[in-house]
1. Of the residues that make up the stretch 196-211, is at least one open to solvent by 40 Å² or more (accessible area, probe 1.4 Å), part of a loop (DSSP other than H, G, I, E, B), of a type outside the set (Lys, Arg) and in contact with a Ser or Thr (Cβ under 7 Å, 6 or more places away or on another chain)?
2. When residues of the stretch 148-178 are filtered for being modelled with pLDDT of 95 or more and either part of a loop (DSSP other than H, G, I, E, B) or of a type outside the set (A, V, I, L, M, F, W, C) (or both), how many remain?
3. Specify which of the listed residues (ALA118, ALA74) is among the small types (Gly, Ala, Ser), out of contact with any helix residue (DSSP H, G or I) (no Cβ under 8 Å at 6 or more places or on another chain) and within 19 Å of LEU31 (Cα to Cα).
4. Given the conditions (1) surrounded by fewer than 21 Cβ atoms within 10 Å (Cβ to Cβ); (2) modelled with pLDDT of 95 or more; (3) of a type outside the set (S, T, N, Q), which single one is not true for TRP59?
5. Look through LEU151, LEU111 and report the one residue that is free of Cβ contacts under 8 Å to residues at least 24 places away in the same chain and either open to solvent by less than 10 Å² (accessible area, probe 1.4 Å) or over 13 Å from ILE20 (Cα atoms) (or both).
6. Which one of LEU73, LEU84, LEU45 is of a type in the set (A, V, I, L, M, F, W, C), closer than 14 Å to GLY16 by Cα and out of contact with any Cys (no Cβ under 7 Å at 6 or more places or on another chain)?
7. Could you please find all residues in the stretch 5-33 being more than 17 Å from ARG128 (Cβ to Cβ) and surrounded by fewer than 22 Cβ atoms within 10 Å (Cβ to Cβ)?
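The values are calculated or read from the model by the stated rules, or taken from the named source; none is laboratory data. As the structure is a computational prediction, the values presented were derived from the model and not from experiment. Cβ placement follows ideal geometry from the backbone for every residue including glycine, while neighbour counts extend to all protein chains displayed. Protein only, heavy atoms only, side chains kept; ligands, DNA and RNA dropped before computing areas. Shrake-Rupley method; radii C 1.70, N 1.55, O 1.52, S 1.80 Å.
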Amino acid sequence: MVTEEQAWTHLYIDRGITAIIGSGGKTTLLLALGAWFCRRGSVLLTTSTHIYPPEGIPWAEKVKKPLHAGDILAVGSPCPDGKLGAPVQSFSELNRLADYMFIEADGSKGLPLKAHAAHEPVIPKEARTVLAVVGLDGIGKPIREAAHRPLLYAERLGCEPDAIVTVQMAARIVNGFKGVTGVILNKADTRQRLSVARELAALLDRPVAIAALQSEPKFLELWRNGTCWLL
């Protein structure tokens, strides 16, 4: 069994700023990171785009003093739709006020797959680690149904938006993500999806964790250089 500690180490999570991009489980990952690392220091959760206030976690518009070990706080600017936008304080300033900061830095409208427009993702320059999330439930579906920005997704693959997403297609898109240090293949909660995840992990060029983030255990296998390291 893969422990959370093994997974976070494999994905190079350390003190400082970690940005989360992609689709198919970013907020779930944000909450999982917060819950784990607030037992090891102080944690800020925030966004460079828009998120709903994390359930069960207090939030503030500004952080006025350094957090204590064990503290966890969401920070952002309130929006008319009830979401939180990017904080008014700079990420550099906030980084000095907590041991760990996790930033949701992308939007996907709840879809499992994502292609990035020119202005996306919004990764702060201070981020030490960038995790891309991929929803395995998008593979095997038409691009039009599974991907945020489906026309871009199809264009980058040289196909039509009605094409069915294959493992090879998904790998081409994810390997094209810039600045990513690790990938989480999420929703491997059936044998079929686990099999798909293994095929995809073998094609990716960065450390990979195969996960079912809403289950226990959260992590199933760890991959690197096309090979399973731990299961």
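1. Taking the stretch 196-211 as the starting set, the residues that turn out to be open to solvent by 40 Å² or more (accessible area, probe 1.4 Å) are 198-199, 202-203, 205.
This time we only want the ones that are part of a loop (DSSP other than H, G, I, E, B), so: 202-203, 205.
With the extra rule that they be of a type outside the set (Lys, Arg), the set shrinks to 202-203, 205.
Remaining after also requiring in contact with a Ser or Thr (Cβ under 7 Å, 6 or more places away or on another chain): none.
The answer is no; no qualifying residue exists.
2. Narrowing the stretch 148-178 to residues modelled with pLDDT of 95 or more: 148-177.
Pick out the ones that are also either part of a loop (DSSP other than H, G, I, E, B) or of a type outside the set (A, V, I, L, M, F, W, C) (or both) and you get 148-150, 153, 155-156, 158-163, 165-166, 168, 172, 175-177.
Number satisfying all stated conditions: 19.
3. Values: ALA118 fails: within 19 Å of LEU31 (Cα to Cα).
The match here is ALA74.
4. (2)
5. On the way: LEU111 fails: free of Cβ contacts under 8 Å to residues at least 24 places away in the same chain.
Every option except LEU151 fails the conditions.
6. Numbers: LEU73 fails: closer than 14 Å to GLY16 by Cα; LEU84 fails: closer than 14 Å to GLY16 by Cα.
Selected residue: LEU45, the only one of LEU73, LEU84, LEU45 that is of a type in the set (A, V, I, L, M, F, W, C), closer than 14 Å to GLY16 by Cα and out of contact with any Cys (no Cβ under 7 Å at 6 or more places or on another chain).
7. GLU5, GLN6, THR27, THR28, LEU31, ALA32, listed by residue number.
Yes or no, residue by residue, for (1) aliphatic (A, V, I, L, M); (2) within 20 Å of the chain's Cα centre (by Cα); (3) surrounded by 21 or more Cβ atoms within 10 Å (Cβ to Cβ); (4) at positive phi:
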{"position": "MET101", "(1), (2), (3), (4)": "yes, yes, yes, no"}
{"position": "ASP106", "(1), (2), (3), (4)": "no, yes, yes, no"}
{"position": "GLY135", "(1), (2), (3), (4)": "no, yes, yes, no"}
{"position": "ASN175", "(1), (2), (3), (4)": "no, yes, no, no"}
